[in-house]
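Coordinate-derived values only; no laboratory data. Since we're looking at a predicted model, the values are computed, not measured. FYI the Cβ positions are ideal-geometry reconstructions off the backbone, even for glycines, and counts take in every protein chain you see.
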Amino acid sequence: MYENYIFDLYGTLVDIHTNESKPSLWENMARYMTLQGAPYDSGELRRAYRCYIDELRSTPETEVDLACSLRKLYTEKGVEPTNEMIAHWALMFRTLSLQYVKLFDGAREMLEELHHRGKKVYLLSNAQRLFTVPEIRSLGIYDLFDDIFISSDIGFMKPSKQFYTALLSKYNLDPKTCVMTGNDWQADAWGAHNNGLASMYVHTKQSPEPAGELPPDCQKLDSIIDILKY
């Protein structure tokens, strides 16, 4: 029925749990930066990290490139960080905050089957490139997408029109040939609907609790592999 299958990542294809509030995370990151010549204590680092992100977010749909905030953390302490330093900071932070990350059952096989049927498969994720690309590579699904769109690259996040348009415009896609699949009733289901796309919704433990009805052109799935029925 559809030629172009667009997916959310976290909570849809990938089962993930992180904890960015645990004191040990900020203690270790502060120690790490101090050893690099950018002295922080854990409380100061945590406050600055959040402050710099909030400063860059002008609207609820604006996405921040975390690399810009991390760079400011260093420069405020007189250190000019390299891109490699920024990437290493992000991976260490993610590793220390990560409880687990894994594919939902059947996700890889479903993506492979869509390709076998000649469909185009795209990723449209509210995420940070610094974390997301290494994770999807480690999960072995990076090459199963025809293209990957990450909100930190675009500057907007779902359900914004700008984020959906970035994909549709690049490939000149007819929205009628596309379906968006995600676990967020507003960002994915209504975001797709408001941009002329049908959607499929799968409720997982990472899903925000719906505060309203799903759009009329949204198909509710019991599991991600049920996509292959449509």
**Request:** Using the Karplus curve 6.51 cos²θ - 1.76 cosθ + 1.60 with θ = phi - 60°, work out ³J(HN,Hα) for each residue of region 41-56 in order, rounded to whole Hz, and write x for Gly and Pro.
**Result:** 9, 4, x, 4, 5, 4, 5, 5, 4, 5, 4, 5, 5, 4, 4, 8
**Complete:** The Cα extents of region 186-226 along the principal axes, largest first and rounded to whole Å, are 26, 23, 13
**Request:** Please work out how much length the chain gains when fully extended from Glu44 to Gln99, using 0.36 nm per residue of separation minus the C-alpha to C-alpha distance, in nm with one decimal.
**Result:** 17.4 nm
**Complete:** Computed for the chain: size of charge dipole around the Cα centre, +1 on C-beta of each Lys and Arg, -1 on C-beta of each Asp and Glu, debye to nearest 20, value 300
**Message:** Can you compute the charge dipole magnitude of region 84-126 about its Cα centre, using +1 on each Lys and Arg Cβ and -1 on each Asp and Glu Cβ, nothing else charged? Give it in debye, rounded to the nearest 20.
**Reply:** 120
**Message:** What number does the chain give for Rg over Rh if you use C-alpha atoms and the Kirkwood radius?
**Reply:** 1.00
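For every helix of n ≥ 4 consecutive DSSP H residues, a contribution of -39,500 (n - 2.57) applies; sum these over the chain, divide by its total residues, and give [θ] at 222 nm rounded to the nearest 500 deg cm²/dmol.
Working: 8 runs with 87 residues, N = 230.
After summing the helix terms and dividing by residue count, I get -11500 deg cm²/dmol.
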**Item:** Assigned charges on the beta-carbon of Lys, Arg, Asp, Glu; region 33-105 dipole about Cα centre (debye)
**Value:** 180
**Fill in**
With x for Gly and Pro, the residue-by-residue ³J(HN,Hα) of region 211-217, computed from phi through the Karplus equation 6.51 cos²θ - 1.76 cosθ + 1.60 at θ = phi - 60° and given in whole Hz, is 9, x, 7, 6, x, x, 9
**Under-27-angstrom lysine pairs by C-alpha in region 44-184, whenever the two are 8 or more apart or on separate chains** = 16
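Could you order the peptides 3-12, 40-49 from most to least packed, using the average number of other C-beta atoms within 10 Å per residue? Don't jump to the answer; show the numbers that get you there.
Values: 3-12: 22.6, 40-49: 16.2.
Packing order, densest peptide first, comes out as 3-12, 40-49.
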**Complete:** Expected sort for 60-66, 205-211 on mean C-beta neighbours within 10 Å, highest first, is 60-66, 205-211
**Prompt:** Counting DSSP beta bridges with both partners in the chain, what percentage is antiparallel, nearest 5?
**Reply:** 20
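At 0.36 nm per residue, minus the direct Cα-Cα distance, what do Val133 and Ile225 gain on full extension? Give it in nm, one decimal, please. Walk me through the numbers on the way to the answer.
Numbers: separation 92, 0.36 × 92 = 33.12 nm, distance 2.30 nm.
The span from Val133 to Ile225 would gain 30.8 nm if fully extended.
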**Prompt:** Using the alpha-carbon atoms, what tilt in degrees (0 to 90, nearest 10) does helix 161-170 show relative to the longest principal axis of the chain?
**Reply:** 70
